[in-house]
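Scroll down for the structure; my scribbles are underneath it.
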Amino acid sequence: MIAKKAMLIDITLCVGCNACQVACKEENGLSDKEEQILSPTAYTVLHEFNGTYVRRMCQHCVDPTCVSVCPVGAFTKTAAGPVLYDENKCIGCRYCMQACPFQVPRYEWDNNYPRVQKCKFCASRLEKGLQPACAEACPTGATKFGDRDDLIREAHERIKAEPEKYVNKVYGLEEVGGTSILYISSVPFEELGFKTNLSKIPLPALTWNALSKIPTVVAVGGVFLYGVWWITNRRTEVQQLEAKLREMDDRSNGHETSNS
Amino acid sequence: MKQILSKITFWKATAGLIFTAGLYATYVRFVDGLGASTNLSDDFPWGLWVGFDVITGVGLAAGGFTLAAMVHVFNLKRFEPVVRPAILTAFLGYTLVILGLMYDLGRPLQIWHAIIMWNPRSVMFEVAWCVMLYTTVLALEFSPVVLEKFKLTKTIKFIKRITIPLVIVGVLLSTLHQSSLGSVYLIAPDKLYGLWYSPYLPFFFYISAIAVGCAMVIVESFLSARAFHRGLEMDILADIARVGVVMLGVYLSFKTVDLIERKALGLLFLPRYETYLYWLEMVVGVFGPMILLAQRKFRENHNGLFAGALMIVVGFIINRMNTSITGFEGWAGKGYFPSWMELAVTLSIVVFGFVAFALAVKYLPIFTHAEHEELSPPADEWAKDLQTVSQLR
């Protein structure tokens, strides 16, 4: 089995040089202007909080919300870890954007046949055994690529080695069931724009909870409705038959009424 | 149409204006894209077209399955005279929902992908299939009206034969997707404001759809009675209003239980924008009509009945808009108000619906009901039954 790949982002090591974005834009052939907000032409950006830089990008969730909500399966989670989007399947309903807990997917609003855009985790480079362009470009090792299990271990080791420096939390370990992008930080995560109250269970479980009841609704509902019809219809039939019989009786008794 | 519109030139002018604006907006939408025509953004990917044209539109068309179930499954034949207008509304409603979707979808030419590219884990996938199938069911349920017009007796006979299975399938499909439109939002527990997010969303959407389905039948009966100088089936409509009131009662009690369960009662009194809109929705759509329509003197009075039903419809619309738009504004950290082009398209679709309904009523046997004994077995079967019974005697 292929080991799940991940990236560990040590926020304390990031100096905000933006080399990750430059490398990303070059790798993906995007416009080379510097951007501070995720966009169809910026798959990764640096957010600054009082001199601390936080990389924002697709988190490549272990059980991705976008993969579950897409009606046509335009999103897939590959065995190696990247969450990928297929514009040839996409119908443009934007449920992925509405549902993503990290608000990552961006839309080409100015295009009249728009695509959803986001980080691809350099899936094609991974296939060739290379690391993502951003990890390769990072001069300080703030972004480190590796197997997810190894990186989780390393994150805990770094925190353990310098407990006074780090906040005792690996962000991405269990948020919405876990992500492929892990963060450690010296500043509490909620002060860096992270959503720290996300549920521990993968969000797709919430909708599956409703969807999994469909067979029951159909079976029980179908039998119930047919049963109701069977009873009520029979009652009407009997009533009508009885009325006819009364009419017949009346006639044979010679009490013929005028509306024959 | 000429006759209808030439009577009221004001409405004619308004409709013309809306259509012109809608046509221009359509051009901008399909040539320059969603960015140029809408106020949608990455923070607010769903706006008026999803919230009203699709989510609200499907709900407003719920009268079709509600009335079909009452008459054909529960055998409440009294309600038969209003089944056809309800089915017509539903059929038009779903057609317009699909039309609205073509505007909202970024890649509308690939809409058919849902047929062959499956993702059973997606609520949207389920809704897509239910809407496709139910629109087909509605077309079949409505077909006798058109066939009657052209006197295609054989085909009518066939459709009548499959009416019961058709209605049952229609009710099941409606149950599934009316509730699933609520399930769509289950995925966003952190984004949707606490007054609207609830694990019971599918249930709330389903019950409120039945209530508004009843209300819509009443409203459209009133409007068409006015337009065509037709009499009103007051006794029937008042009873349908009672069904609506019961549904609102069930809805209200579950809403309360839900808020208590989630320990969210405090949200009702927070001085926030969401709080006010929530109360607006509840007062207009639930408390108001319940109080009004629970009383016989209002329910059996023309104006009272119409006002009550209209309140349910308006309240329902506010609820769906709150769930799909207001509830996300806090999380997005910014407001959303539709662009004039979004409004023009939505209004055009609504006006188009009114015109299509009026034309159908004018040229097809919608309110003038031909046969009452649609579903009773043919005469020869009766004769056979009678023979057996009289032989037994």
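Rule-based calculations on the coordinates, nothing more; no lab input. Being a predicted model, the structure only gives us computed values, none of them experimental. Backbone-built Cβ (ideal geometry, glycine too); neighbour counts: all protein chains shown.
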*Convert 4 °C to kelvin, take the viscosity as 1.567 mPa s, use the Kirkwood radius over C-alpha pairs of chain B as Rh, and evaluate the Stokes-Einstein diffusion coefficient in µm²/s, rounded to a whole number.*
58
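Once you compute Rg and the Kirkwood Rh from C-alpha atoms, what is the Rg to Rh ratio for segment B:141-233? Mind showing how you got there, number by number?
Numbers: Rg = 19.0 Å, Rh = 16.5 Å.
Reported Rg/Rh, Kirkwood definition of Rh: 1.15.
From Cα pairs below 8 angstrom and at least 6 apart in sequence, can you work out the relative contact order of segment B:1-155, rounded to a whole percent? Could you put the intermediate results ahead of the total?
Working: 98 pairs, mean separation 29.0, N = 155.
It comes to 19 percent, rounded to a whole number.
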*If segment B:1-155 were replaced by its equivalent ellipsoid, with semi-axes equal to the square roots of 5 times the Cα gyration tensor eigenvalues, what would those be, largest first, whole Å?*
31, 25, 15
*Built amide H within the under 5 Å cut-off of A:Lys5, gap 5+*: A:Gly81, A:Arg148
*At what distance in angstrom do the alpha carbon centres of segment A:1-59 and segment B:217-293 lie from each other?*
49
_With angles folded into 0 to 90 degrees, how steeply does helix B:379-392 sit against the dominant principal axis of chain B? Use alpha carbons for both and round to 10._
60
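Can you tell me the relative contact order of chain B? Whole percent, Cα pairs under 8 Å, sequence separation 6 or more.
For chain B, the relative contact order is 26 percent.
Within segment B:158-214, which trypsin sites (Lys or Arg not before Pro) sit in a loop by DSSP and count at most 12 neighbouring Cβ atoms inside 10 Å? Could you put the intermediate results ahead of the total?
Working: sites: B:Lys160, B:Arg161, B:Lys191; in loops: B:Lys191.
Those that pass, being in a loop and sparsely packed, number zero.
Placing +1 at every Lys and Arg Cβ and -1 at every Asp and Glu Cβ, with all other atoms neutral, what dipole size does the protein assembly as shown have around its Cα centre, in debye to the nearest 20? All intermediate terms of the calculation are to be shown ahead of the outcome.
Values: 61 positive and 58 negative charges, 203 e Å.
Once rounded to the nearest 20, the dipole reads 980 debye.
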*Distance from the Cα centre of segment B:174-206 to that of segment A:141-172, in angstrom?*
38
*To the nearest 20 debye, what charge dipole does segment A:213-252 have about its Cα centre, counting +1 at the Cβ of each Lys and Arg and -1 at the Cβ of each Asp and Glu?*
240
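Counting each DSSP H run of 4 or more residues in chain B as -39500 (n - 2.57), what helix-only mean residue ellipticity at 222 nm follows after dividing by all residues, to the nearest 500 deg cm²/dmol? Kindly include the intermediate steps, with their values, before the conclusion.
Details: 19 runs with 267 residues, N = 393.
When only DSSP H runs of four or more count, the value is -22000 deg cm²/dmol.
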*Taking the alpha-carbon set of segment A:131-254, what are its Rg and Dmax in Å?*
33.9, 110
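Could you give the Stokes-Einstein D for the protein assembly as shown in µm² per second, using the C-alpha Kirkwood radius, 37 °C, 0.692 mPa s? List each step's numbers first, then the result.
Values: Rh = 27.8 Å.
After rounding, the answer is 118 µm²/s.
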*Residues with amide H under 5 Å of A:Lys120's amide H, sequence separation 5 or more or different chain, H placed in the peptide plane at 1.01 Å from N; which?*
none
*Once phi is turned into θ = phi - 60°, what whole-Hz ³J(HN,Hα) does the Karplus curve with 6.51, -1.76 and 1.60 give for every residue of segment B:286-301, x standing for Gly and Pro?*
10, 4, x, x, 5, 4, 5, 7, 6, 9, 4, 5, 7, 5, 9, 10
*Which lysines does A:Lys4 reach when only Cα atoms under 23 Å apart count, and residues fewer than 8 places away in its own chain are ignored?*
A:Lys77, A:Lys118, A:Lys120, A:Lys128, A:Lys144, A:Lys169, A:Lys200
*Return, in residue-number order, each cysteine of the protein assembly as shown whose C-beta is not under 4.7 Å from any other cysteine's C-beta.*
A:Cys14, A:Cys17, A:Cys24, A:Cys61, A:Cys70, A:Cys90, A:Cys93, A:Cys100, A:Cys122, A:Cys138, B:Cys130, B:Cys214
*When averaged across all projection directions, what area in nm² does the alpha-carbon convex hull of chain A cover?*
23.9
_Using θ = phi - 60° and Karplus 6.51 cos²θ - 1.76 cosθ + 1.60, couplings along segment B:124-141 (whole Hz; Gly, Pro as x)_ = 4, 5, 5, 4, 4, 5, 4, 5, 4, 5, 5, 4, 5, 4, 4, 4, 5, 5
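Using a 10 Å cut-off around each Cβ of peptide A:220-231, what is the average number of partner chain Cβ atoms that fall inside?
Working: counts 0, 5, 5, 1, 4, 11, 4, 1, 5, 10, 2, 2.
Mean partner shielding for this stretch: 4.
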*Given the protein assembly as shown, what percent of its DSSP beta bridges are antiparallel, to the nearest 5?*
80
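Which value, in debye to the nearest 20, describes the size of the charge dipole of chain B about its Cα centre when Lys and Arg Cβ atoms bear +1, Asp and Glu Cβ atoms bear -1, and nothing else is charged? All intermediate terms of the calculation are to be shown ahead of the outcome.
Working: 31 positive and 27 negative charges, 150 e Å.
Roughly 720 debye for chain B.
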*If you project the alpha carbons of segment A:213-252 onto the principal axes, what extent comes out on each, in Å, largest first?*
58, 7, 6
*Fluctuation leader among A:Val72, A:Val217, A:Val170 - chain A, Gaussian network, Cα springs under 10 angstrom*: A:Val217
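Contact order normalised by length for chain A, with contacts defined as Cα pairs under 8 Å and 6 or more residues apart; what percent is it?
Details: 386 pairs, mean separation 59.7, N = 260.
Relative contact order for chain A comes out at 23 percent.
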_Selected from A:Trp229, A:Gln239, A:Ser252, residue furthest toward positive end of dipole (segment A:213-252; charges at beta carbon)_ = A:Trp229
_Candidate lysines - alpha carbon under 27 Å from A:Lys244, same-chain residues fewer than 8 apart omitted_ = B:Lys77, B:Lys157, B:Lys160, B:Lys384
_Candidate aspartates and glutamates for bridging to B:Lys255, where Cα separation is under 13 Å - those fewer than 8 sequence places away on the same chain excluded_ = B:Glu281
*asked:* Please list, in order along segment A:125-137, the HN-Hα scalar couplings obtained from phi with the Karplus expression 6.51 cos²θ - 1.76 cosθ + 1.60 (θ = phi - 60°), rounded to whole Hz, x for Gly and Pro.
replied: 5, 4, 4, 7, x, 8, 8, x, 4, 5, 5, 5, 7
*Toward the positive end of the charge dipole of the protein assembly as shown, about the Cα centre and with charges on Cβ (Lys, Arg +1; Asp, Glu -1), which of A:Leu203, B:Ile115, B:Trp196 goes farthest?*
B:Ile115
*Please name whichever of B:Leu259, A:Gly177, A:Cys66 sits farthest to the positive end of the charge dipole of the protein assembly as shown, dipole taken about the Cα centre and charges placed at Cβ: Lys and Arg +1, Asp and Glu -1.*
B:Leu259
*Starting from the Cα of A:Val228, step 7 Å toward the Cβ, then list every residue of segment B:49-75 with an amide N under 16 Å from that point.*
B:62-75
